[in-house]
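Asks: So that we are looking at the same thing, I have put the structure below in structure tokens.
The values are calculated or read from the model by the stated rules, or taken from the named source; none is laboratory data. Predicted model, so just to flag it, every value in this text is computed and none were measured. Neighbour counts run over all protein chains shown; Cβ positions are idealised from the backbone, glycine included. Only protein heavy atoms, including side chains, enter the accessible area calculation; ligands, DNA and RNA are left aside. Shrake-Rupley method; radii C 1.70, N 1.55, O 1.52, S 1.80 Å.
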Amino acid sequence: MSGLDKLIHEPARLQILSILSGVGVADFNFLCSTLSLTKGNLSSHMDKLEKAGFVVVKKTTVGKVSHTEFSITALGREALAEYWQNLDAIRNIQIEDTQTSTPPVLDE
Amino acid sequence: MVEGRSHPPLQPGDPRLIMRWAQRYAKSRTISFLVQWVFIVLMLSGIGLMTAIAQMAQQTGNGALFNTIVFLMGFSIVLLVWFSISPWGGEVIWRITQWLYGKEGYVASEDDQGPSSWWVNVSFGGLIIYHVVLGLLISFEKLPVDSLHFWSALYMVPFLMIMIVYQHLGFWAWIWPVCYGLHAAGAYLGYIPMIQGQWQLANSIIPALGYGFVAMVAGHLYSRFALYKLRSLARASMPANPDASDDDEGGA
């Protein structure tokens, strides 16, 4: 089992990738309002995810309004699936440890 | 893929629920449904109106008016088919979406991406042509006007069902074809009272309009609930000050 991907483990980025894996495309406004992130914070997270190849950015201009859309890449889906697998494995180990550990016997 | 469509059971608080509710929200936004609904309502209303005028023209022996109406029916086929497949039609839909959902942002489900398959356009074009032919048959008094709902349902019910499965729409979308089909069967078997006289066409238009509208309202209400759940889950699993949170690679 490899460790958890630090880039994905950060709460905001995990949520961004979770949302993008559930939908085809989400725009900047949707992610900002749903996750209560500021524009600067979201831009920073998206920049990191884009550099890692986990998301693709599509910028368009309709009239005078610019529009930025994000979608998850195949690599991003793969990394997220691996992250969940590793997290589940860690949880299972914790559960097994809790179940197998015998309570201390107290002398009467 | 762990977070696939199979939906394994998840514990409350699992961040993967965010993905599920995002998916449900995206599939419950009723805009694509609204466009189909508006098309069908316009089509049935237009055909109904033209059929009524054509019948009147034939009864009064007004050949010029009758030919004009038949020409208009043909023109409306071309217009509706063009709108449904042209990039301009797509842009209109996108602008409506932005206008209605501007504050909460734009989301499209994976199934909404890319151009429609050829068979979708063909079956949609078929729907229009089929109804225009029905209108013409009623105009020529080859079909009783009361049977329009029944014959309409024979095409529209399977068409809507296929579209719902193809677009992976939510449970709410089934309200339209199921109720429209049951209503048509009930009317055909005589269990549902029919409007008589000059408003006979309402027997077809009201169910098409009404059940589609009910389905859209149900979908819209479900999308509000899905968005509420999504935001609640996101806020519950986010640190108190998200702007201050970042990893060891540097702050935002």
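Asks: Mind checking which pairs have a first residue in region B:170-183 that is open to solvent by 10 Å² or more (accessible area, probe 1.4 Å) and a second that is among the polar types (S, T, N, Q), Cβ under 8 Å, 6 or more apart or different chains?
Replies: Close Cβ pairs (under 8 Å, with a partner that is among the polar types (S, T, N, Q)) amount to B:170/B:28.
Asks: Which of the residues that make up region B:110-134 are at pLDDT 75 or above and within 14 Å of chain A (Cβ to nearest Cβ)?
Replies: Correct list: empty.
Asks: In addition: Consider only pairs whose beta carbons are under 6 Å apart and that are at least six residues apart or on different chains; among these, list those whose first residue lies in region B:94-106 and is more than 17 Å from residue A:60 (Cα to Cα) and whose second residue is assigned to a helix (DSSP H, G or I).
Replies: Partner pairs satisfying both residue conditions: B:104/A:33.
Asks: Given (1) in contact with a helix residue (DSSP H, G or I) (Cβ under 6 Å, 6 or more places away or on another chain); (2) loosely packed, with under 15 Cβ neighbours inside 10 Å; (3) hydroxyl-bearing (Ser, Thr, Tyr), where does residue B:51 come up short, assuming only one miss?
Replies: Evaluating residue B:51 over (1) in contact with a helix residue (DSSP H, G or I) (Cβ under 6 Å, 6 or more places away or on another chain); (2) loosely packed, with under 15 Cβ neighbours inside 10 Å; (3) hydroxyl-bearing (Ser, Thr, Tyr) leaves (2) as the failure.
Asks: Can you tell me which residue among A:58, A:51 is open to solvent by 40 Å² or more (accessible area, probe 1.4 Å), more than 10 Å from chain B (Cβ to nearest Cβ), more than 14 Å from the chain's Cα centre (by Cα) and more than 30 Å from residue B:95 (Cβ to Cβ)?
Replies: Of the residues listed, the single one that is open to solvent by 40 Å² or more (accessible area, probe 1.4 Å), more than 10 Å from chain B (Cβ to nearest Cβ), more than 14 Å from the chain's Cα centre (by Cα) and more than 30 Å from residue B:95 (Cβ to Cβ) is A:51.
Asks: Okay, moving on. Of all residues in region B:188-241, which are at pLDDT 80 or above, among the aromatic types (Phe, Trp, Tyr) and within 26 Å of residue B:45 (Cβ to Cβ)?
Replies: Across region B:188-241, the qualifying residues are B:188, B:191, B:211, B:213.
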